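Below you'll find the structure, written out as structure tokens, and then a few comments.
Throughout, read-outs are computed from the coordinates displayed, never taken from laboratory work. Note that this is a predicted model, so its numbers are computed, not measured. We place every Cβ from the backbone using ideal geometry, glycine too, and count neighbours over all the protein chains shown.
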Amino acid sequence: MDKGPFLAPVFIFLLTLLTCAITLLSCLNHSNKRRKQQEKKPKLPPGSMGWPSIGETLQLYSQHPNVFLSSRHKRYGEIFKTHILGCPCVMLASPEAARFVLVTQAHLFKPTYPRSKENLIGPSALFFHGGEYHKRLRKLVQASLCPEVLRRLVVDIEALTLSALTSWADHGRVINTYHEMIKLSFEVGILAIFGHLEPHYKEELHKNYTIVERGYNSFPTNLPGTRYRKALKARKRLSEILNNITRERKEKKLLERDLLSCLLNYKDDKGDVLTEDQIADNIIGVLFAAQDTTASAMTWIIKYLHDSPKLLEDVQAEQKAIYQSNGSGRSHLTWYQTRKMPVTYKVILESLRLASIISFTFREAVADVEYKGYLIPKGWKVMPLFRNIHQNPELFSNPQKFDPTRFEGTLRPNTFMPFGSGVHACPGNELAKLEMLILVHHLASHFRYELVGCESGIEYSPFPVPLHGLPARFCRDLDKHFQPPFSSHIS
Ligand code: HEM
């Protein structure tokens, strides 16, 4: 019997079934693949982007930025997203992540500052740039702050420090420690930039620079009467003053190693020199980076030493020995001696850790970047959080305790970054530490002080500073008649 007519439909049915099964399987396979691919695709870090447009800006302003950041660090972990001041941001609170952004993959993240701030400092200042221009300028700044140059500044920094301490002690009145430290670090900044500068130029620079600084921290509206507008005008005057100083220096043809000379003597491969604007912007930039940061650190050292009487005794013993070996001030402190102050040096490092003067820095992703399975989208701001790293109990035991002995051992790599890290790390860190060492040397060896008022706390200027600028009274060690009206820890 011919079964052909019966088999044909069965065959067609089986074929159809097979085709359907294959299609279904391939669909399933495809969607599985897609799901797997999606699973693999990096996702945004955890965190909240807040309200449309304003993001979490209100929360940021309703509490202190450090509280804002540490509460989110606790909630979401070491990498989290947020949206503040009109920008989507990724915050990074681990040493590895900070190293990724600042060192190993630094080419994927560029420095970023609001235009309003760039205009006040000067758009050619090195810290707004990357690439070749940044490299060239950074070399010049580093050359002006290298150990060989700093060694020759010790005598002058010592003279400025002694003059400041003496004036505080002579007046016997309560001073705002932070304000006085700002004056001192301004003088040292001027010294590093210009060498010896005529007093009338110094005064003019100081007057206008102070107005610029006030405007830097104000709301940037360019309307008559606003701080920002006044700051822009003062910035223009600063350029004029700097151009005059520069022209005079060119005429004198001095062979100095200060920053101005390094900038003036620079020529690139084609023989091109820096423009007046490039020189002015970088001078203002360095002054800006140097002044309040160092002043804040020195103020914290005074506070922490006051609060740790035993430690102060150890520092006094170390410094008095050096002072006496120099004939009680008859000969100068030497560079070599500043390298041999182990107790004081650890106090400085611990002050930098606990105060974390620069709490965080900003970069911007120049491409989509993947970090530990998370996406950092192109154009987003990226913020390594130095303070959160410095105060992480897993990295620094009992992190709120002032304990310089923690610097006796070896620290875990990339956990201590008071001066940043990588290509933009602070080129002024050795100068800043030298200023602190010289201050502590004279303060501890032949001055005394007491803090006035017992209120403890922090205010932000925008750097962290002890409350009310740490009101204090200073006197010479020999002033036996010094009768502190408040209980003093220092005898
Ligand atoms: C305690 C005092 C100081 C602290 C805590 C400090 C901290 C820092 C930090 C964290 C950075 C890196 C910022 C970033 O990566 O975005 C930096 C950069 C910088 N600092 Fe300092 N600094 C101090 C003093 C100084 C001094 C005394 C000078 C100069 C005389 C100076 C000049 C600079 C400059 C020019 C940069 C930019 C470097 C670049 O972009 O390549 N700083 N500082």
Please list 3J(HN,Hα) in residue order for the range 303-312, calculated via the Karplus relation 6.51 cos²θ - 1.76 cosθ + 1.60 where θ = phi - 60°; whole Hz, with x for glycine and proline.
5, 5, 5, 4, 7, 10, x, 5, 5, 4
Rounding to the nearest 10 and keeping the result within 0 to 90°, find how far the Cα-based axis of helix 199-216 lies from the longest principal axis of the chain.
30
All lysines inside 17 Å of Lys270 as judged from Cα atoms, apart from same-chain residues fewer than 8 positions distant
Lys135
With everything on Cα atoms, drop me the angle between helix 131-144 and the longest principal axis of the chain, reported from 0 to 90° to the nearest 10.
20
Residue range of the chain that is longest and free of GluC sites (Glu not before Pro) which are both DSSP loop and sparsely packed (at most 15 other C-beta within 10 Å):
1-393
So what's the angle, to the nearest 10 degrees on a 0 to 90 scale, between helix 4-40 and the longest Cα principal axis of the chain?
0
Taking a ≥ b ≥ c as the square roots of the eigenvalues of the Cα gyration tensor, with a/c under 1.5 meaning rounded and otherwise prolate when a/b exceeds b/c and oblate if not, the range 314-430 is prolate
Looking only at aspartates and glutamates whose Cα falls under 17 Å of Lys139's and that sit 8 or more positions away or on another chain, we get Glu148, Glu256, Asp258, Asp268, Asp269, Asp272, Asp281, Glu430
Estimated distance in nm for a label pair at Asn176 and Arg136, the labels positioned 7 Å out from Cα along Cα-to-Cβ
4.1
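Compute the signed sum of charges (Lys and Arg +1, Asp and Glu -1) over the other residues within less than 12 Å, Cβ to Cβ, of Pro65. Please report the intermediate quantities before stating the final value.
Numbers: positive: Arg72, Arg387; negative: Glu56.
Here the charged neighbours net out to +1.
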Rounded to two decimals, what ratio of Rg to Rh does the chain give with C-alpha atoms and a Kirkwood Rh?
1.14
Translational D (Stokes-Einstein, µm²/s) of the range 168-299 at 25 °C and 0.890 mPa s when Rh comes from the Kirkwood sum over C-alpha pairs?
152
I want to check a number: in the range 288-405, how many lysine pairs have alpha carbons closer than 26 Å, given a sequence separation of 8 or more or different chains?
13
With +1 assigned to the C-beta of every Lys and Arg and -1 to the C-beta of every Asp and Glu, and no other charges, what is the dipole magnitude of the range 316-456 about the Cα centre in debye, to the nearest 20?
240
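Tell me whether the range 110-228 comes out rounded, prolate or oblate; compute the Cα gyration tensor, take square roots of the eigenvalues as a ≥ b ≥ c, and use a/c under 1.5 as the rounded threshold. Write out the running numbers ahead of the final one.
Values: a/c = 2.44, a/b = 1.21, b/c = 2.02.
Oblate, because a/c is 1.5 or more while a/b does not exceed b/c.
What's the magnitude of the charge dipole for the chain around its Cα centre, counting Lys and Arg as +1 and Asp and Glu as -1 at the beta-carbon? Answer in Debye, nearest 20. Kindly include the intermediate steps, with their values, before the conclusion.
Values: 63 positive and 47 negative charges, 264 e Å.
The calculated dipole for the chain is roughly 1260 debye.
Compute, for the range 279-372, the length of the dipole vector about the Cα centre, with Cβ point charges of +1 (Lys, Arg) and -1 (Asp, Glu) only. Units Debye, rounded to 20. The partial results should precede the final answer.
Working: 10 positive and 10 negative charges, 108 e Å.
Charge dipole, the range 279-372, about its Cα centre: 520 debye, nearest 20.
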What trypsin sites (Lys or Arg not before Pro) does the range 232-315 have in DSSP loop regions with at most 15 other beta carbons within 10 Å?
Lys253, Lys267, Lys270
Give the residue from Ile182, Leu150, Asn217 lying farthest towards the positive end of the charge dipole for the chain; charges sit on Cβ (+1 for Lys and Arg, -1 for Asp and Glu) and the dipole is referred to the Cα centre.
Asn217
25 Å Cα-Cα reach of Lys230 towards lysines, excluding residues that sit fewer than 8 places from it in its own chain:
Lys117, Lys183, Lys202, Lys207
Is the C-alpha gyration tensor of the range 127-192 telling us rounded, prolate or oblate? Criteria: a/c under 1.5 is rounded; beyond that, a/b larger than b/c is prolate, otherwise oblate.
oblate
